[in-house]
Structure formats: C-alpha cells, structure tokens
1. Restricting attention to segment 19-47, and to residues there that are at negative phi and exposed (fewer than 13 other Cβ atoms within 10 Å of the Cβ), which single residue is nearest to ligand 1 (Cβ to nearest atom)?
2. Quick one: is residue 79 surrounded by fewer than 17 Cβ atoms within 10 Å (Cβ to Cβ), of a type outside the set (A, V, I, L, M) and touching a residue at least 24 places away in the same chain (Cβ under 8 Å)?
3. Does residue 72 qualify as being of a type outside the set (Phe, Trp, Tyr) and more than 15 Å from the chain's Cα centre (by Cα)?
4. If I filter segment 124-145 for residues that are of a type in the set (S, T, N, Q), out of contact with any His (no Cβ under 8 Å at 6 or more places or on another chain), farther than 30 Å from residue 19 by Cβ and at pLDDT below 95, do I get at least one hit?
5. Could you check how many residues of segment 1-18 are surrounded by 13 or more Cβ atoms within 10 Å (Cβ to Cβ) and either within 22 Å of residue 147 (Cβ to Cβ) or within 16 Å of ligand 2 (Cβ to nearest atom) (or both)?
6. Name the residues in segment 107-129 that are among the hydrophobic types (A, V, I, L, M, F, W, C) and either out of contact with any Ser or Thr (no Cβ under 9 Å at 6 or more places or on another chain) or not in a loop (DSSP other than H, G, I, E, B) (or both), would you?
7. For a quick check of your reading of the model, give me the residue pairs whose first member lies in segment 59-74 and is of a type in the set (Val, Ile, Thr), whose second is away from ligand 1 (no atom under 16 Å from the Cβ) and part of a strand (DSSP E or B), with beta-carbon atoms closer than 8 Å and at least 6 apart or on different chains.
8. Name the strands (runs of 3 or more DSSP E) wholly within segment 1-79 that hold at least 1 residues that are over 26 Å from residue 137 (Cα atoms)?
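The values are calculated or read from the model by the stated rules, or taken from the named source; none is laboratory data. Just so it is clear, the model here is predicted, and its values are computed rather than measured. Every residue, glycine as well, gets a Cβ built from its backbone with ideal geometry; the counts of neighbours run over all protein chains shown.
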Amino acid sequence: MTTRKPIPAPPYQGGCLCGQLRYTLNARPLALNACHCDQCKISTGSSHIEMLIADAGAFSHTGATHNFIKTAESGRQLDIHRCAHCGTRVFHHNLANKALVFIPIPTLDDASWAIPTSHIWVERAAPGAMLHEDAIKVEGQPADRALLMDAFARLYPE
Ligand SMILES: [Zn+2]
Ligand SMILES: [Zn+2]
C-alpha cells in the first residue's frame, strides 16, 4: 500500500548540486511521472527518472545553464538544461510544446511528498526499480499526456 502525504502548497524550490542554479515553481504539479526508458537511465546514471510536470509559466530559475537538445525515443525533441557549473540535470521543455516544464523530483529541496503517480516505458524497468501499486503503468510512451495528468488527479484530488 502506497502511503501518500498531501501535496504541500506552492511555491516549491530546488536546484543543483553546487547551488549556482536555483528555481521556483509557483504552481501545483500537473503530474508526477517516472520514466524507465533507456535514454533517461543514461542521462541520469540511474535506474529511471522521476519528473514533476508543471505549467512552465509558473517556473523561473536563476543561474547559468548548459542545454542539450535530445531526440527522445518517442521522437519528441527535449531541451534539457543542466547547471553550467556542476552539470546537474535540473529541467527540460518539449520543444514542440513549451507550455510545460519537467523537473527531476530529486532536485526539489523537499521531495519527501512526491511519489510518482504514473510509470512509463515499464517494459524497460530496471530489476530494482520500485513501481508503486496505485500508480498507472504504461508500456512505451503514452500517445496522450493527459493519461499521466488524469492519474495524478485521481490520486491527489484537489
Ligand atoms: Zn550547479
Ligand atoms: Zn525516458
């Protein structure tokens, strides 16, 4: 049984390993999604990546970034920003739709409340990855991101 704490009210703050890159998100998340694709594993050096998805208009950051445009397995082009000094991956946008910002959950100053509500590319999940039993599990990339947002809204009703 997954025990989920209530989501604290915004703003949420976070940043990189060295402290040069800091951000503020002044909106409730729209989704908490874990991706198990091979590219996310390589990009983070981890078994998977956990992303907070939110309205990009509520996101701001300070500090220099280095960006890299990655073509995802889904064909989407992602503009990935890392701290220019320490290289921590801190946020990305989808170039085709910049209305959303994607923030790796571990970069939040307090990530204790943020448990994924959806898992994608689950057929690639590493043997040790934890898939929460109340979250939705999707093979590959969902055709419509609304699926991820619906899963979030179901587990965290306002
Ligand atoms: Zn840094
Ligand atoms: Zn991925």
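1. Only one residue fits best here, namely 42.
2. When the stated conditions are applied, residue 79 does not pass them.
3. Against the criterion (of a type outside the set (Phe, Trp, Tyr) and more than 15 Å from the chain's Cα centre (by Cα)), residue 72 does not qualify.
4. yes
5. Looking only at that region, the number is 2.
6. Residues satisfying the conditions are 108, 111, 113, 114, 120, 121, 122.
7. As it stands, the answer is 69/77; 69/78; 69/79; 71/77; 71/78, since those pairs meet every condition given.
8. The strands (runs of 3 or more DSSP E) meeting that bar are 12-15, 22-25, 59-62, 65-71.
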